[in-house]
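To keep things clear, I will list the structure first and then write my remarks on it.
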There are 4 protein chains.
Amino acid sequence: MAENEFNSILGVFPVQLHWGDCDPAGIIFYPTYFRWFDAATWSLFAAVGYTAKRMRAEHLAMPLVCADCEFKAPAEQQDRCEVRSRIVRWGGKSFVVKHEVVREDGTLLAQGSETRVWGRYLNGPGSPLKGQPISEELKALFKAR
Amino acid sequence: MAENEFNSILGVFPVQLHWGDCDPAGIIFYPTYFRWFDAATWSLFAAVGYTAKRMRAEHLAMPLVCADCEFKAPAEQQDRCEVRSRIVRWGGKSFVVKHEVVREDGTLLAQGSETRVWGRYLNGPGSPLKGQPISEELKALFKAR
Amino acid sequence: MAENEFNSILGVFPVQLHWGDCDPAGIIFYPTYFRWFDAATWSLFAAVGYTAKRMRAEHLAMPLVCADCEFKAPAEQQDRCEVRSRIVRWGGKSFVVKHEVVREDGTLLAQGSETRVWGRYLNGPGSPLKGQPISEELKALFKAR
Amino acid sequence: MAENEFNSILGVFPVQLHWGDCDPAGIIFYPTYFRWFDAATWSLFAAVGYTAKRMRAEHLAMPLVCADCEFKAPAEQQDRCEVRSRIVRWGGKSFVVKHEVVREDGTLLAQGSETRVWGRYLNGPGSPLKGQPISEELKALFKAR
């Protein structure tokens, strides 16, 4: 995946690993990384003005097409980490977010990506979604300066 | 709490404890019991005709007022259990569901209750909820015969 | 429950409600409050020196006896809250933590409690637990000054 | 990924989508698929004799190297599905499990894979893991007949 060819802003989403996010091996239960990715993407969009409140008011959503993650080193309970997120590709109606989970000592724990559709509920929240063309205005919001 | 003074039907909701529902102590992470209670209540209502689909179509919901649980013995990974659920109280616009989690060897692992409002979304899913009077027809559906 | 008769320190644990912690009603899925309570208790103990690392090294744990929560007002996606936690009772081998979830506008969203045993794994992590007498030294760590 | 070149047995793991596994869009919150994948893998291993109890007793574990999923169609609350799982590759100390999530009407909702290490805790549960060579005996257990 091309590294930031779009010169995207970097979202930084702080997380901490809790007891209940760990499994009997004493390390992170892996779907937790995907929960963090999802929250980090919402945070990235909020940072450019697309808050949860606005997304809801405008009947917007960003359902997933696919997601993947490589696990490099296990997070342990109370580890503090950052999810560092960038948009690395814009398609006509979809986009790709790349995420890296970095522990506070600088260790890369995991990296992965989400491909999402930019969609609108046809009849309000909970109704079927339809992909929307991604405008230049939307892309410009994520441009690093 | 009065034991089934309303002669309520018994809902039986099978569950199994998975790796990811356990904590580093190797036993169930306790909020999992509440996840099971919630799913068991939905299953109990589905059994009398109030399926998720119908609840959604009729803009009904059952938000929580309070919940509690006593933990008697820990569930371990791959334990098979049943959540046994009954309605033990009907109020004007609310009701109480009592739940027991029983392992397949008959051991009671946990017991608790949920108090819920019988509510309707004023403007479709996601909009504010308003408590609805609980009709005799609704109560009758849960009567054991 | 007696309000802070032990003059306990107050733990403050910041949380934010994420998309995946909400249900189809668009509000917090209630077991999320218990996930927050659990993490807040671990944070409170870490604040007085019982970090996750130390708990693990000394084979200590704090399994639940019971938990309860009252839901006052629903949290919505991206709401920022604090879980405010105090120890409100010390028993011989158990203790009670009271938690309040307060949104940044000051609204009390939920309040509840956890009763926990102070326990030690007899043969290392994952082995059976035995309740330990709670020492005066332990209690003193939580005394507000 | 080669389709069952190893003629692996098929694991079938039944799941149902619950209220709390859905997001405000009223459909499955995507990390739920990965929770299902994890449980389905444990179920597949249990089916050939490697139950959770045995894994624990023999200090075995199967930590993740990577995971991915494509989302084809959204699951809705109370949908009944099967996770169909096969081992599609054996490496020296790792293996790949392919999963398909199929709704009871036959619709493929999601498909993905997990790459895992076959590992042993050096000093009991919770201690560091070391990859173990995968024996012919282990592979033979998964051979369809």
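The values are calculated or read from the model by the stated rules, or taken from the named source; none is laboratory data. Being a predicted model, the structure only gives us computed values, none of them experimental. Quick reminder, even Gly has a Cβ in these numbers, built from the backbone with ideal geometry, and neighbours come from all protein chains shown. SASA here: full protein model, heavy atoms, side chains in, ligands and nucleic acids out. Shrake-Rupley method; radii C 1.70, N 1.55, O 1.52, S 1.80 Å.
Of all residues in region A:127-145 being without any contact (Cβ under 8 Å) to a residue 12 or more places away in the chain and not in a loop (DSSP other than H, G, I, E, B), which is least open to solvent (accessible area, probe 1.4 Å)?
Here the residue is A:A140.
Considering only region C:111-137, state which residues are within 16 Å of the chain's Cα centre (by Cα) and more than 13 Å from chain B (Cβ to nearest Cβ).
C:W118
For region C:78-105, how many residues meet the condition of being within 13 Å of another protein chain (Cβ to nearest Cβ) and either at positive phi or of a type in the set (S, T, Y) (or both)?
2
With the structure loaded, tell me whether C:S113 is within 30 Å of C:F29 (Cα to Cα), of a type in the set (G, A, S) and either open to solvent by 40 Å² or more (accessible area, probe 1.4 Å) or in contact (Cβ under 8 Å) with a residue 12 or more places away in the chain (or both) or whether it fails that test.
yes
Which of the numbered conditions does B:Y121 fail, given that it passes all the others? Conditions: (1) open to solvent by less than 40 Å² (accessible area, probe 1.4 Å); (2) at pLDDT 95 or above.
So B:Y121 meets the others, but not (2).
Which one is nearest to the other protein chains (Cβ to nearest Cβ), of the residues in region C:22-68 that are surrounded by fewer than 20 Cβ atoms within 10 Å (Cβ to Cβ), of a type outside the set (V, I, T) and assigned to a loop (DSSP other than H, G, I, E, B)?
C:P63
Inspect all residues belonging to region B:64-80 and state whether any of them is over 27 Å from C:S127 (Cβ atoms), of a type in the set (S, T, N, Q) and out of contact with any Cys (no Cβ under 9 Å at 6 or more places or on another chain).
Among the residues of region B:64-80, not one is over 27 Å from C:S127 (Cβ atoms), of a type in the set (S, T, N, Q) and out of contact with any Cys (no Cβ under 9 Å at 6 or more places or on another chain), which makes the answer no.
For region D:1-21: of the residues being among the charged types (D, E, K, R) and open to solvent by 40 Å² or more (accessible area, probe 1.4 Å), which is modelled with the highest pLDDT?
D:E5
Would you pick out the residues in region D:87-105 that are part of a loop (DSSP other than H, G, I, E, B), farther than 29 Å from D:K130 by Cα and touching a strand residue (DSSP E or B) at 6+ places or on another chain (Cβ under 7 Å)?
D:E104 - this is the single residue of region D:87-105 that is part of a loop (DSSP other than H, G, I, E, B), farther than 29 Å from D:K130 by Cα and touching a strand residue (DSSP E or B) at 6+ places or on another chain (Cβ under 7 Å).
Listed residues C:L10, C:L17, C:L108; which is more than 13 Å from chain B (Cβ to nearest Cβ), hydrophobic (A, V, I, L, M, F, W, C), touching a strand residue (DSSP E or B) at 6+ places or on another chain (Cβ under 8 Å) and more than 27 Å from A:R80 (Cβ to Cβ)?
Going through C:L10, C:L17, C:L108 in turn, the sole match is C:L108.
Output the qualifying pairs, or none if there are none: Cβ atoms under 6 angstrom, residues six or more apart or on different chains, first residue in region A:38-55 and under 16 Å from A:K143 (Cα atoms), second residue part of a helix (DSSP H, G or I).
Hits for this filter: A:V48/A:L141.
Take D:T107 and decide whether it is β-branched (V, I, T), surrounded by fewer than 17 Cβ atoms within 10 Å (Cβ to Cβ) and more than 23 Å from B:Q77 (Cα to Cα).
In short, yes.
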